[in-house]
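What follows is a short report on a single structure.
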Amino acid sequence: MRLYPDSTLVQLEFDKVRSLLEAHCKTVYAQQKASHLRIHTRKEYIELELRQSFEYKQLFLQSQYFPNDFILPIAKDLKLLGIPGATLSAEQWVHIRKLCENTASIFRWFDTERRLAFSSMAAIIAGTHYEKQIVEKIDEVLDENGNVLDTASQELQHIRMSLYRKRNELRRVFEKVIGKLAKAGYTADIDESFSNGRRVVAVFAEHKRQVKGILHGESDSRKTAFIEPEETIELNNEVFALEHEEGREIQRILRALTAALSVHAPLLQQYLVIAGEFDFIRAKAKLALDMNGELPNLADKAQVHLINAYHPLLLLYNKSSQKTTIPLTLTLDERNRILVISGPNAGGKTVAMKTLGLNQLMLQSGLLVPVHPTSEMGIFKQLFIHIGDTQNLEFELSTYSSHLLHMKYFIETANGKTLFFIDELGSGSDPNLGGAFAEVIMEELSRRHAFGIVTTHYLNLKVMANHTQGIINGAMQFDEVNLQPLYKLVVGKPGSSYTFAIAERIGLPQHLINKARKLVEEDHFKLDRLLNRTEQDLQELDKEKKQLQKLLRENERLKKEMEVVMDKERHRQQVELLKNQNRITEERLAYLKDMERKLRQIVLDWKKSENKNEVIKNLQNLLFKRKEEIVVNKLAKKVDQKYKELTQHISVGSLVKLKKNYQVGEVKEIRGKRAIVQIGALPMNVELSDLVSVEKLADDEKKS
């Protein structure tokens, strides 16, 4: 991305974001990449890096472990590995082995399912492979602590076996010497020690001439002398020679291992890059968690549609201070390319401008930004900024001269891929003349299809924005009652500077304020007052709108609660109905089972009994239920005495009689051709055709 001026990143505080990112990095590779963070202009690069940050952030949110724990700085070791004739130490090989284990864990983590779910992170290991032979060759030579194994070579095994025997022999001889000297009372409190790798005995200084051997030195107090007994001199020499041979053989083995694995130096450097890349992505994800970074929609064109965007550094500061940060919502597209923000001083105009600038730089660097996920951000190839007093003493330029030099560069270089920010356009000169130039500059930038934000107090720029295509007004809200800025941007209307309102609130003498008003053109004063009143009215409307939305949400909540209650009641009724239906079904099943049992018994009686007539009689009683018929007839007679049949249509609430068993009940529910009839405490599900409407007879009718 092309930046102007050179101090753009500092003015937008992008350098602070880089420092925060660098602090999260653990590897040298990631720290260097963070300190030289690139700002891309190609969509595929930006999208890949954004998605990598987003995927790693999801791992944090889901509390998933990603196996990238290697942070050792071994770039120089790997460079040495690629140099012919070099030898890496055992410690260096232990570090390389850890790098290989880290890489193996990463490759194992990316199974088929995770390669699909975290495809952007998986792109880091695409085009490379894990070579297990490297670890196998290291394990043939070294143990996990970096000690060369006895089995690394036959020669080393032979040397160490000889060394083991000589040391045992030396120990036995030395213990005899110490025992003899101790008995003689020559040894000091510490029986033995080592000097230059040779075993020596500690004796009192006054007895040193009584002990034959080589004097290696005395203690600082001169009370103890360290002597190598003559009995162990030859053995010490042999041990020393074997240790020297062991060292030479170890060096030969390590040199051979380095030569054998030097062919894998480029692959190991790739492994180190992989560890660094994942550390860098992890750092970006940690930064996103700190500042509520999200992944907005990325468009391959110059445009901005921010929803609830925050200034990242201001958000972090307010978080630590437990203060509220006001978000920004704005759109710059082909229809409205330039936003002119007006309003009182210290009202947040510059912060609004920097919020867009810093978020845009972060996005094109692959960092997640603190905006609503439904926001849409495009890609710009140039970013110009002009903020604050820019006097150039070296070239003897005034503020306004410097201002015009910047504007000259802007209008000569800007195009449809440019995002610019100008704070107080036209300031530093006569308001009328400066305002005229500002109007011309803004018109030229609009003609060149550049996108940007301009802050101003000039009335003519507010008027121009109101009737010029591609330019739109915006205002920072201000609480006139409490004399406090609200830091909220309202797009679509110009803002008042609240000059006289602020003067009145802070207590300037009223006659001075009135005198100032007389000096201002009447039309100018009326317009500023109108803007002032309009903004206050809009704030009131905004409050009423929020209250209405609150009431609507409460109404919606109550509606949902009522629906839940109604659903529960409907469900309860359905459950009750099903219970009754199940009870009727169970009674029928019990009747059928009883009937089946009795029929089986009759069949058995038929086979066994000689009196077939008796069996037939029992069968008739069972099938035709003569006794039940008598009971039914009695019941029918009794019902007919109490109820009169009607010809009217059956509906819910009707009193009905069952045609088959003459039971009387009330209709509770009708479902098509069937009805639920409450007979006593028992509801029954019967066909409508089996029912007849009845009416209860009066007492005098019963007697007749």
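Summary of values
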{"item": "Selection count, segment 8-52, where residues are in contact with a Ser or Thr (Cβ under 9 Å, 6 or more places away or on another chain), surrounded by 19 or more Cβ atoms within 10 Å (Cβ to Cβ) and among the hydroxyl-bearing types (Ser, Thr, Tyr)", "result": "0"}
{"item": "Segment 680-694, subset surrounded by 14 or more Cβ atoms within 10 Å (Cβ to Cβ) and without any contact (Cβ under 8 Å) to a residue 40 or more places away in the chain, residue nearest to Ala636 (Cα to Cα)", "result": "Asp690"}
{"item": "Gly85 open to solvent by 30 Å² or more (accessible area, probe 1.4 Å), within 20 Å of Ile281 (Cα to Cα) and part of a loop (DSSP other than H, G, I, E, B)", "result": "no"}
{"item": "Residue satisfying condition, being open to solvent by 20 Å² or more (accessible area, probe 1.4 Å), polar (S, T, N, Q) and in contact with a Phe, Trp or Tyr (Cβ under 7 Å, 6 or more places away or on another chain), within set Asn102, Asn68", "result": "Asn68"}
{"item": "Qualifying position, being under 46 Å from the mean Cα position of the chain (by Cα), surrounded by 10 or more Cβ atoms within 10 Å (Cβ to Cβ), part of a helix (DSSP H, G or I) and at pLDDT 70 or above, among Lys579, Lys598, Lys545", "result": "Lys545"}
{"item": "Among (1) more than 23 Å from Gln678 (Cα to Cα); (2) modelled with pLDDT under 80; (3) of a type outside the set (Val, Ile, Thr); (4) surrounded by 10 or more Cβ atoms within 10 Å (Cβ to Cβ), the one test that Ala590 misses", "result": "(1)"}
{"item": "Helices (runs of 4 or more DSSP H) completely within segment 417-530 that count 3 or more residues being at pLDDT below 70", "result": "431-447, 499-505, 510-519"}
{"item": "Filter pass, Lys166 being modelled with pLDDT of 85 or more and surrounded by 17 or more Cβ atoms within 10 Å (Cβ to Cβ)", "result": "yes"}
{"item": "Candidates Leu50, Leu116, Leu88, Leu72 - the one that is without any contact (Cβ under 8 Å) to a residue 12 or more places away in the chain and aliphatic (A, V, I, L, M)", "result": "Leu116"}
{"item": "In segment 120-158, the residues that are open to solvent by 70 Å² or more (accessible area, probe 1.4 Å) and more than 41 Å from the chain's Cα centre (by Cα)", "result": "Glu140, Asn147, Asp150, Thr151, Gln154, Glu155, Gln157, His158"}
{"item": "Failed item in (1) in contact (Cβ under 8 Å) with a residue 60 or more places away in the chain; (2) within 23 Å of the chain's Cα centre (by Cα); (3) closer than 23 Å to His386 by Cα, with Cys25 passing the rest", "result": "(3)"}
{"item": "Elements of type helices (runs of 4 or more DSSP H) contained in segment 220-325, each with 1 or more residues being among the β-branched types (Val, Ile, Thr)", "result": "230-261, 265-290"}
{"item": "One residue from Ala188, Ala184 being surrounded by 15 or more Cβ atoms within 10 Å (Cβ to Cβ), modelled with pLDDT under 80 and more than 30 Å from Leu59 (Cβ to Cβ)", "result": "Ala188"}
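Quick grid of which residues meet (1) touching a residue at least 24 places away in the same chain (Cβ under 8 Å); (2) open to solvent by less than 40 Å² (accessible area, probe 1.4 Å):
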site: Thr324; (1), (2): no, no
site: Leu332; (1), (2): yes, yes
site: Pro344; (1), (2): yes, yes
site: Ala352; (1), (2): yes, yes
site: Leu356; (1), (2): yes, yes
site: Leu361; (1), (2): yes, yes
site: Gly366; (1), (2): yes, yes
site: Val369; (1), (2): yes, yes
site: His372; (1), (2): yes, no
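Residues checked against (1) surrounded by 17 or more Cβ atoms within 10 Å (Cβ to Cβ); (2) under 30 Å from Glu131 (Cα atoms); (3) modelled with pLDDT of 85 or more:
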{"residue": "Val211", "(1), (2), (3)": "yes, no, no"}
{"residue": "Ile214", "(1), (2), (3)": "no, no, no"}
{"residue": "Glu234", "(1), (2), (3)": "no, no, yes"}
{"residue": "Gln251", "(1), (2), (3)": "no, yes, yes"}
{"residue": "Arg255", "(1), (2), (3)": "no, yes, yes"}
{"residue": "Pro266", "(1), (2), (3)": "no, yes, yes"}
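The values are calculated or read from the model by the stated rules, or taken from the named source; none is laboratory data. The model shown is predicted, which means the values in this text are computed figures rather than measured ones. We place every Cβ from the backbone using ideal geometry, glycine too, and count neighbours over all the protein chains shown. Areas reflect the complete protein model, heavy atoms only, side chains present, ligands, DNA and RNA absent. Shrake-Rupley method; radii C 1.70, N 1.55, O 1.52, S 1.80 Å.
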